[in-house]
Ligand SMILES: Cc1cc2nc3c(=O)[nH]c(=O)nc-3n(C[C@H](O)[C@H](O)[C@H](O)COP(=O)(O)OP(=O)(O)OC[C@H]3O[C@@H](n4cnc5c(N)ncnc54)[C@H](O)[C@@H]3O)c2cc1C
């Protein structure tokens, strides 16, 4: 029974723990946040990732919690509607495609809640050092005593601490896009019903949409920011949003005031993680930590779910030989990751909001990328 430490309990972490338990391993999750982390934009699950959720028996729960927007309005700089569609939203794409759009925290809660009672989840702590030995990895923590594990997996997102400690990498793994997104929730002060509104002044943007039976709005500011200019602390991040978006019209001043009170403010730079290897010794990376495709692709959550599945499956195929399992994990995931990361170059095109470009270029590429992997053993 191998003991596997997983750093990060958002999407890829709990999905990996779920599949490792199913395959006879003993996972421990460690999450830096003091409890289940709220917040995040609506994210999408498509293609092979839907098959993973289905095999976990969680497809229905995800569908029940999906966003239920009926369309989108685009506003001009004065806040007047210039275009509307009841066939798509900006965040989720065209209706009628087999995909689930769901708030990140709702999907995370579904995954964590489905872990069996007794699964070890440590909140409010983080790995501080990894010392690899012949028979395992000695792990030091910020709070708890050092412990030994057979393997360690970094599922700790774009800024992965595990990646820095194990691979000794820094900023060179990023492909930054010079934009940051800041999503947060507020009460539905506009009385919007099942609708998304996108306000864009050509440079900065603000999108809002209804969530949780129209009780909440999720707002998301997007603005130019260099990776190195994004502060680590919440107050500094909020100040950066105000500095960049404070000049915007429409209801932005109200939204900025609401941001100060938001329980779940988050600021994420738009960047990809590109690495030649996602495993080293007894450490592996999964999800955004290893191969974040960026929100431009809308595929980060699908890669995370599929990566978790493939890693657990391969470890189970050669439980005594993690190196062989890691090699197969990398080989299987690489083409799928590359196809999905490449979507960012299409969606960053200035024609993105042209419905014809979306239908003839983006959607066909997405249809190929979302299924560009064969998953073995899904029914076992
Ligand atoms: C609060 C939040 C909001 C997000 N909002 C958006 C969004 O608006 N749009 C979008 O496209 N994507 C967003 N994402 C990213 C999205 O969830 C991922 O792209 C995708 O789902 C892959 O998930 P992941 O589990 O690999 O990484 P993530 O979802 O990034 O999860 C990483 C987890 O690791 C934890 N963690 C980080 N450092 C440490 C550490 N040192 N020790 C232990 N735990 C650590 C984090 O708290 C987090 O729970 C958000 C992520 C988070 C955490």
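Brief remarks on what is shown
- Estimated D of segment 252-299 in µm² per second, where Rh is the Kirkwood radius over Cα pairs and Stokes-Einstein applies at 37 °C, 0.692 mPa s: 243 µm²/s
- Relative contact order (percent, whole number), segment 177-270, Cα cutoff 8 Å, 6+ residue spacing: 39 percent
- Debye intensity ratio I(q)/I(0), log10, segment 289-380, q values 0.14, 0.21, 0.22, 0.26 Å⁻¹ (C-alpha model): -0.55, -0.98, -1.04, -1.29
- Using a cutoff of 8 angstrom between alpha carbon atoms and counting only pairs six or more residues apart, the relative contact order for the chain works out to 21 percent.
- Of all DSSP bridge pairs formed entirely within segment 1-153, close to 65 percent run antiparallel.
- A Gaussian network model of the chain, with springs between Cα atoms under 10 Å, assigns the largest mean-square fluctuation among 235, 129, 155 to 235.
- Summed over qualifying helices (DSSP H, 4 residues or more, each -39500 (n - 2.57)) and divided by its residue number, the chain shows a 222 nm mean residue ellipticity of -9000 deg cm²/dmol.
- Tail fraction, Cα-Cα pairs, the chain, threshold 35 Å, whole percent: 23 percent
- Ranking of 11, 251, 43 by count of other Cβ atoms within 10 Å, fewest first: 251, 43, 11
- The chain - share of DSSP beta bridges that are antiparallel (%, nearest 5): 70 percent
- Overall Cα dimensions of segment 85-189 - principal axes, largest extent first, Å: 58, 40, 31
- For segment 179-332, the Kirkwood radius over C-alpha pairs fed into Stokes-Einstein at 37 °C and 0.692 mPa s yields D = 184 µm² per second.
- Radius ratio Rg over Rh of segment 142-252, counting only Cα atoms, Kirkwood formula for Rh: 1.09
- All Cα pairs of segment 190-272, percent lying beyond 17 Å: 48 percent
- Size descriptor, Kirkwood hydrodynamic radius, that averages inverse alpha-carbon separations across segment 1-51, Å: 12.4 Å
- Fraction of alpha-carbon pairs over 29 Å apart in segment 1-150 - percent: 33 percent
- In plain terms, the chain from residue 168 to residue 26 could stretch by 48.4 nm, reckoned as 0.36 nm per residue minus the Cα-Cα distance.
- For the chain, modelled as a GNM whose springs connect Cα atoms under 10 angstrom apart, the maximal fluctuation among 284, 182, 365 occurs at 365.
Only the coordinates and a few stated rules stand behind these numbers; no lab work does. Bear in mind that the values here come from a model prediction, so they are computed numbers and not experimental data. Ideal geometry is used to build each Cβ from the backbone, glycine not excepted, and the neighbour counts take in all protein chains shown.
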